[in-house]
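Inspection log for the structure reproduced underneath, given as structure tokens.
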Amino acid sequence: MKYVNKVILLGNVCSEPYYSDEGKSQRATFRLATNRYWRDAAGNDKEEAEFHDICVWGKQAEQVKDFVTKGKLLYIEGALRRREVGEGENMKQRTEIVVSTFIMCDKKDSLPSGGIE
């Protein structure tokens, strides 16, 4: 049996990407905000924001460094990964999305305008 670990998001970059080039591995991290809209039982429009930690490796990390800025609309495909940060009693688990594909989108129509894979 095969298993699936896949995440698809369309949202706005809500922090400037952090880029590191340590040795042979390039890594970029940033936060992506997605919104959920719905109407409650009383007919009131509701909105809720969710924030996601994003991690990009290798050549794509360099492309994030060069082209992605706060406020940019991105389509992202990736996988969930949990990692531990901190030490001892301060150890916490953090869930992030490791990107396999991202596409920079045009905010006018929210459709992909070009891709980076």
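So what are the ³J(HN,Hα) numbers for region 94-103, from phi and the Karplus equation (6.51, -1.76, 1.60; θ = phi - 60°), rounded to whole Hz, Gly and Pro as x?
Computed from phi, the couplings for region 94-103 are 10, 9, 9, 9, 8, 6, 9, 8, 9, 10 Hz.
Relative to 2.2 N^0.38 Å, what does the C-alpha radius of gyration of the chain come to as a ratio? Two decimals please.
For the chain, the normalised Cα radius of gyration comes out at 1.20.
State, to one decimal in nm, how far the label point of C14 lies from the label point of E48, with both points 7 Å from Cα in the Cβ direction.
Modelled inter-label distance: 1.4 nm.
Quick check: net charge around R39, other residues with Cβ under 13 Å of its Cβ, Lys/Arg +1 and Asp/Glu -1?
Values: positive: R36, K46; negative: D40, D45, E47, E48.
Combined, the nearby Lys, Arg, Asp and Glu give -2.
Roughly how many nanometres apart are two label points built 7 Å out from the Cα toward the Cβ at T101 and R81?
Taking the two extended label points, one gets 1.9 nm.
What share of the DSSP beta bridges in the chain is antiparallel, in percent to the nearest 5? All intermediate terms of the calculation are to be shown ahead of the outcome.
Values: 42 of 44 bridges.
Antiparallel bridges: around 95 percent, rounded to the nearest 5.
Distance in nm between label sites at E22 and W38, each 7 Å beyond Cα in the beta-carbon direction?
Roughly 3.9 nm, to one decimal.
How much length is gained on full extension from M1 to Q63, taking 0.36 nm per residue of separation minus their Cα-Cα distance? Walk me through the numbers on the way to the answer.
Values: separation 62, 0.36 × 62 = 22.32 nm, distance 3.53 nm.
Going from the current span to full extension adds 18.8 nm.
Every number here is computed from the coordinates shown, using simple stated rules; none is lab data. Not measured: the values here are computed from a predicted model. Every residue, glycine as well, gets a Cβ built from its backbone with ideal geometry; the counts of neighbours run over all protein chains shown.
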